[in-house]
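Q: Have a look at this one.
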């Protein structure tokens, strides 16, 4: 199982992703530079967090137009698995692979803390491993997910809301449990086909109890299901 | 060479949290008449030749995100 960890100038969770996939799950992870135009030989793609291109123009906007993204788009259209976490989620939205956009947190602050998440979709490989609510860190200034009403209706009716921010005791999505003002407490969404997951929380920062949580492994393990689907 | 002045702004339906903070700060400074502030981005392009259809294309492909932003521009000199 070979996973490409895409590196843009300003990516800073690339090493976390590399090690989470390798040390946490035993996958072969490899870095792929954004100017590359090939994903030949890879079974999955991880778009890491960070501040690609210094967040110039809009978060993820320049990275979404980098040469490698044409290959990522083909890869996704072939039904192969792609995860974008944090800045990676922003890149996926800017590239049109996922609907909506990420804008500045309602309270203006950069938020860095571990939050409880609940899997909403229960059938996707990216969510079915989350049998109980997960504890995963967030670290972002622009993580407020927004989309138009029609898109929100589609996300709900097509079961494409992957994760929601929930209350730590009731595990229900509430206004108070919403760290950044995202519409409908959305933390992560799927594309129509279900092979592309974008989320603001960082599963790659939660791959060992020594890091405070190993709950991210249940998300990242989703890569395996796609390998079998294509074998 | 033509100068194109582009204004990119958050759609009115979106909460502009930075603008809200600025409006609150102005009010605290005594400018109670401020009801709302919205912050956008100004981009100046020097182009030769000028083709307005291509300016629109630049906005759609990169400079503005139609999910969250509107744009308008003026050609000056």
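No lab work stands behind these numbers, since they all come straight from the coordinates. The structure presented is a predicted model; accordingly, all values stated were derived computationally and were not measured. So basically every Cβ, Gly included, is an ideal-geometry build from the backbone, and we count neighbours across all protein chains shown.
Q: Two decimals is fine: what's Rg over Rh for region A:39-81, C-alpha atoms, Kirkwood radius as Rh?
A: My calculation puts Rg/Rh at 1.01.
Q: Could you list B:55, A:6, A:138 so that the one with the fewest beta carbons within 10 Å of its beta carbon is first and the one with the most is last? Please report the intermediate quantities before stating the final value.
A: Working: B:55 19, A:6 28, A:138 24.
Result, fewest neighbours first: B:55, A:138, A:6.
Q: How high is the relative contact order of region A:35-145? Use alpha-carbon pairs under 8 Å, at least six apart in sequence, and give a whole percent.
A: Values: 170 pairs, mean separation 27.8, N = 111.
Relative contact order for region A:35-145 comes out at 25 percent.
Q: With each label point set 7 Å from Cα along the Cα-Cβ vector, what nm distance links residue A:23 and residue A:78?
A: Once both label points are built, they end up 3.1 nm from each other.
Q: Give the calculated FRET efficiency between residue A:107 and residue A:170 to the nearest 0.05, with a Förster radius of 30 Å applied to their Cβ-Cβ distance. Show your work: numbers first, answer last.
A: Details: r = 22 Å, r/R0 = 0.74.
Given R0 = 30 Å and the Cβ-Cβ separation, E is 0.85.
Q: A further question follows. Taking square-rooted eigenvalues a ≥ b ≥ c of the alpha carbon gyration tensor, is region A:1-58 rounded, prolate or oblate, where a/c under 1.5 means rounded and, failing that, a/b exceeding b/c means prolate? Before the final figure, lay out each step's value.
A: Numbers: a/c = 3.14, a/b = 1.51, b/c = 2.08.
Since a/c reaches 1.5 but b/c is at least a/b, the shape of region A:1-58 is classed as oblate.
Q: If one puts a single equal scatterer on every Cα of region B:2-76 and applies the Debye formula without solvent, what log₁₀ I(q)/I(0) results at q = 0.13, 0.18 Å⁻¹?
A: -0.50, -0.75
Q: If you don't mind, there's one more thing I want to ask. Show that you can apply the helix-only estimate: for chain A, add -39,500 (n - 2.57) for every DSSP H stretch of four or more residues, divide by all residues, and state [θ] at 222 nm to the nearest 500. Each step should come with its number before you reach the end.
A: On the way: 6 runs with 48 residues, N = 231.
For chain A, the value works out to -5500 deg cm²/dmol.
Q: Count the DSSP beta bridges whose two residues both fall in region A:2-230, then state the antiparallel fraction as a percent rounded to the nearest 5.
A: Details: 21 of 37 bridges.
The answer is about 55 percent antiparallel.
Q: Hey, how many Å between the Cα centroid of region A:159-211 and the Cα centroid of region A:48-65?
A: Using only Cα atoms to place each centre, the spacing works out to 21 Å.
Q: Using Stokes-Einstein with the Kirkwood hydrodynamic radius over Cα pairs, what translational diffusion coefficient do you get for chain A at 25 °C and a viscosity of 0.890 mPa s, in µm²/s rounded to a whole number?
A: On the way: Rh = 17.0 Å.
After rounding, the answer is 144 µm²/s.
Q: As I understand it, the value is the acute angle between the Cα axis of helix B:17-28 and the longest principal axis of the Cα atoms of chain B; what does it come to in degrees, rounded to 10?
A: 50
Q: Could you identify which residue out of A:169, A:123, A:151 has the top mean-square fluctuation in a GNM of chain A using Cα springs shorter than 10 Å?
A: Among A:169, A:123, A:151, the largest mean-square fluctuation in the Gaussian network model of chain A belongs to A:169.
Q: Calculate, in nm to one decimal, what residue A:35 and residue A:1 gain on full extension: separation in residues at 0.36 nm each, minus their alpha carbon distance.
A: Values: separation 34, 0.36 × 34 = 12.24 nm, distance 2.29 nm.
Contour length minus Cα-Cα distance gives 9.9 nm.
Q: For residue B:33 paired with residue A:123, estimate the spin-label separation in nm (one decimal), with each label point 7 Å from Cα along the Cα-to-Cβ line.
A: Distance between label points: 6.0 nm.
Q: Pairs of alpha-carbon atoms within less than 8 angstrom and 6+ residues apart define the contacts here; what relative contact order does region B:1-71 have, in percent?
A: Values: 83 pairs, mean separation 35.4, N = 71.
For region B:1-71, the relative contact order is 50 percent.
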